[in-house]
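A short worksheet on the structure shown next.
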Amino acid sequence: LFRSLYGTTVAHFGEVALACREHAILNGNALMTRPITLDDHAASRMIADPFRLLDCSLESDGGAAVVVSSADRAADARHPRVFIAGVAAGHPDSPGSITQRADITSLGIAKAAPRAFAMARVTHADIDVAEIYDCFTYAVIRQLEDMGFCARGEGGPFVSGGRLRRGGALPTNTHGGLLSQAHVWGLNHVVELARQLRGA
């Protein structure tokens, strides 16, 4: 569907997989630390077209925890506080089953992101690191579009050229994400973002 509508390529998916893997290699707590190339990604076995093995998140066990408290209560915490400036939730249009939706590429973040950005009083130019739920490589591309970092259908070119890697314009899933660190339902993304914001 993505390829036919927007020209999204295997290499675009591969850019997401490579960014996550490069970040995981630097994470002593990641499961997948063998380097991969775009060729490795393209050669990985097909799971369900267009998703190859390296497009799919890991099957893993793991745990993560965060503590959310008032700023006053956390004033004497051992680690620097990370302040939550904006929060929102959004769900895709009904029905809940992806295969039954009129638009299977529709995600709830398109509704949530504008509210969270407005509440936090930030624009896309203010964001210099992102932790994005990466159950599949395409999900990162679609969420970047739905969050407004690029227009719908432009996510493939947007992630190209190392943009999501260290030193890129928007390092993404700097712990390796669900694709290369571990599938901990995205809570590992929250832990990583707190570490990034603390400069740890």
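The values are calculated or read from the model by the stated rules, or taken from the named source; none is laboratory data. The structure presented is a predicted model; accordingly, all values stated were derived computationally and were not measured. No Cβ is skipped: glycine too gets one built from the backbone with ideal geometry, and neighbour counts run over all protein chains shown. These accessible areas exclude ligands, DNA and RNA; they are computed on the full protein's heavy atoms, side chains included. Shrake-Rupley method; radii C 1.70, N 1.55, O 1.52, S 1.80 Å.
Please work out which residue is surrounded by the fewest Cβ atoms within 10 Å (Cβ to Cβ), limiting yourself to the stretch 188-200 and to residues that are in contact (Cβ under 8 Å) with a residue 60 or more places away in the chain and within 18 Å of MET32 (Cβ to Cβ). Taking the candidates together, the pick is VAL191. Here the stretch 96-151 is the region considered, the condition is being open to solvent by less than 40 Å² (accessible area, probe 1.4 Å), of a type in the set (S, T, N, Q) and part of a helix (DSSP H, G or I), and the residue that is nearest to ARG198 (Cα to Cα) is GLN143. Only one entry in ASP61, ASP93 is in a loop (DSSP other than H, G, I, E, B) and either open to solvent by less than 70 Å² (accessible area, probe 1.4 Å) or closer than 28 Å to GLY148 by Cβ (or both), namely ASP93. The set of residues in the stretch 35-58 being without any contact (Cβ under 8 Å) to a residue 12 or more places away in the chain and either out of contact with any helix residue (DSSP H, G or I) (no Cβ under 8 Å at 6 or more places or on another chain) or not in a loop (DSSP other than H, G, I, E, B) (or both) consists of ASP39, ALA43, MET46, ILE47, ALA48, ASP49, LEU53. Can you tell me which residues in the stretch 159-182 are surrounded by 15 or more Cβ atoms within 10 Å (Cβ to Cβ), in a loop (DSSP other than H, G, I, E, B) and not β-branched (Val, Ile, Thr)? Residues satisfying the conditions are ARG163, LEU164, ARG165, LEU170, PRO171, ASN173, HIS175, GLY176, GLN181, ALA182. Among the conditions (1) open to solvent by 80 Å² or more (accessible area, probe 1.4 Å); (2) modelled with pLDDT of 90 or more; (3) not hydrophobic (A, V, I, L, M, F, W, C); (4) not in a loop (DSSP other than H, G, I, E, B), ARG3 misses just one, which is (2). With the structure loaded, tell me whether ASP61 is acidic (Asp, Glu) and in contact with a strand residue (DSSP E or B) (Cβ under 7 Å, 6 or more places away or on another chain) or whether it fails that test. When the stated conditions are applied, ASP61 does not pass them.
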